Amino acid sequence: MKYIIIGLGSFGASLAEKLTAQGNEVIGIDINMQKVEAMKEKISHTICLDATDEHTVNGLPLKDTDIVIVAIGENQGTNVMVSALLKNLKVKKLISRAVNNLHENVLNAIGVDEIVHPEQESAERWAKKLCMHGVVDSFELNDYFSIVEVKLPRKYENKTVEDVQFRERYNLLVLTTLKNAQVDTNVGKTKTIVDVQSVATPHLLLEKDDILVLYGSNKDIKKFISAS
Ligand code: ADP
């Protein structure tokens with residue numbers, strides 16, 4: 001997928017880095033040259049420009065981009081201006097960051113496709129990460145069920161999903177695994193990306209450094225982690 005991320009503050013920069021590591025093509029944009037310089041090795045492409053300048057923004061490859069994310073948080077006025085500008089330019093999918101309810105209402109009125117609340121969401125994820133040692137990332141489906149990424153416990157290395165009996169012993173479903181893979185970049189360097197495997201089968205072999213993507217109740221996930 002092709003992304004443009006506007007605003008390389010903590011949220012935008014880490015999102016851009018993560019999406020690049022997952023093998024997406026990402027253009028990271030910031031008005032501050034230092035921010036752009038700091039991220040240029042970690043994001044597919046970086047550009048220093050003022051995203052409120054219609055003429056410059058119009059020159060971006062918007063038609064070839066699947067998702068544009070306005071990640072500016074500190075300055076709500078700028079965030080709203082940039083979001084409205086991109087809405088007018090009819091990008092395929094526009095996601096904007098809201099920092100409070102009023103801001104969210106304005107973004108909804110502009111007609112952005114989706115709104116993110118990183119402060120709130122990352123607080124939830126952090127709470128989970130701190131409570132569950134070994135959790136790399138998590139997605140809460142409701143108060144009781146989650147999808148979590150967990151480092152493969154040592155004792156399950158070189159065993160299959162069937163051997164571990166996730167379902168029978170822990171009441172958990174293994175959705176897939178993530179593996180670190182080295183890929184060649186077109187500038188003669190290699191970089192590590194996280195490679196998502198296909199849907200897990202009972203015969204899937206679990207290897208050192210794999211990350212398990214598990215689905216289950218928070219109670220069962222906690223039980224699995226503390227037993228590891
Ligand atoms: P976080 O809370 O994630 O750190 P911030 O809101 O502090 O996010 O960061 C916003 C980023 O957006 C900053 O790096 C800032 O330089 C950038 N930014 C602000 N205004 C513009 C603009 N007009 N065009 C492009 N980038 C901008």
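The values are calculated or read from the model by the stated rules, or taken from the named source; none is laboratory data. All values reported here derive from a predicted model rather than from experimental measurement. Note that we place each Cβ from the backbone using ideal geometry, even for glycine, and neighbour counts take in every protein chain shown. Surface accessibility is based on the protein's heavy atoms, side chains included, excluding ligands, DNA and RNA. Shrake-Rupley method; radii C 1.70, N 1.55, O 1.52, S 1.80 Å.
Within segment 138-160, being open to solvent by less than 30 Å² (accessible area, probe 1.4 Å) and not hydroxyl-bearing (S, T, Y) holds for V148, V150, L152, P153.
The residues of segment 22-39 that are open to solvent by 50 Å² or more (accessible area, probe 1.4 Å) and assigned to a strand (DSSP E or B) amount to a single one, E25. Restricting the first member to segment 196-208 and to residues that are without any contact (Cβ under 8 Å) to a residue 24 or more places away in the chain, and the second to residues that are of a type outside the set (D, E) and open to solvent by 80 Å² or more (accessible area, probe 1.4 Å), no beta-carbon pair is closer than 9 Å while six or more apart or on different chains.
For segment 1-25, the set of residues classified as modelled with pLDDT of 95 or more and over 21 Å from A98 (Cα atoms) consists of K2, E25, listed by residue number. Here R167 fits the description: in a helix (DSSP H, G or I) and either more than 16 Å from the ligand (Cβ to nearest atom) or at pLDDT 95 or above (or both).
Restricting segment 60-78 to residues that are touching a residue at least 12 places away in the same chain (Cβ under 8 Å), more than 8 Å from the ligand (Cβ to nearest atom) and part of a helix (DSSP H, G or I) leaves a set whose member that is most open to solvent (accessible area, probe 1.4 Å) is D64.
Tallying residues that are small (G, A, S), under 23 Å from Q197 (Cβ atoms) and either near the ligand (Cβ under 9 Å from one of its atoms) or within 11 Å of the chain's Cα centre (by Cα) (or both) within segment 1-37 yields 1. The residues listed here are K87, K92, K42; of these, the one that is outside any strand (DSSP E or B), within 30 Å of V194 (Cβ to Cβ) and more than 15 Å from the ligand (Cβ to nearest atom) is K92. Restricting attention to segment 45-59 and to residues that are open to solvent by 20 Å² or more (accessible area, probe 1.4 Å) and in contact (Cβ under 8 Å) with a residue 24 or more places away in the chain, the residue that is farthest from the ligand (Cβ to nearest atom) turns out to be N58. Exactly one of these conditions fails for K128: (1) modelled with pLDDT of 90 or more; (2) not in a strand (DSSP E or B). Give me its number. Among (1) modelled with pLDDT of 90 or more; (2) not in a strand (DSSP E or B), K128 violates only (1).
Of the residues S122, S146, which is among the hydroxyl-bearing types (S, T, Y), in contact with an Asp or Glu (Cβ under 9 Å, 6 or more places away or on another chain) and either modelled with pLDDT of 75 or more or at negative phi (or both)? The match here is S146.
So, of the residues in segment 79-91 that are modelled with pLDDT of 95 or more and open to solvent by 70 Å² or more (accessible area, probe 1.4 Å), which turns out to be nearest to D113 (Cα to Cα)? Filtering segment 79-91 for residues that are modelled with pLDDT of 95 or more and open to solvent by 70 Å² or more (accessible area, probe 1.4 Å), the one nearest to D113 (Cα to Cα) comes out as K87.
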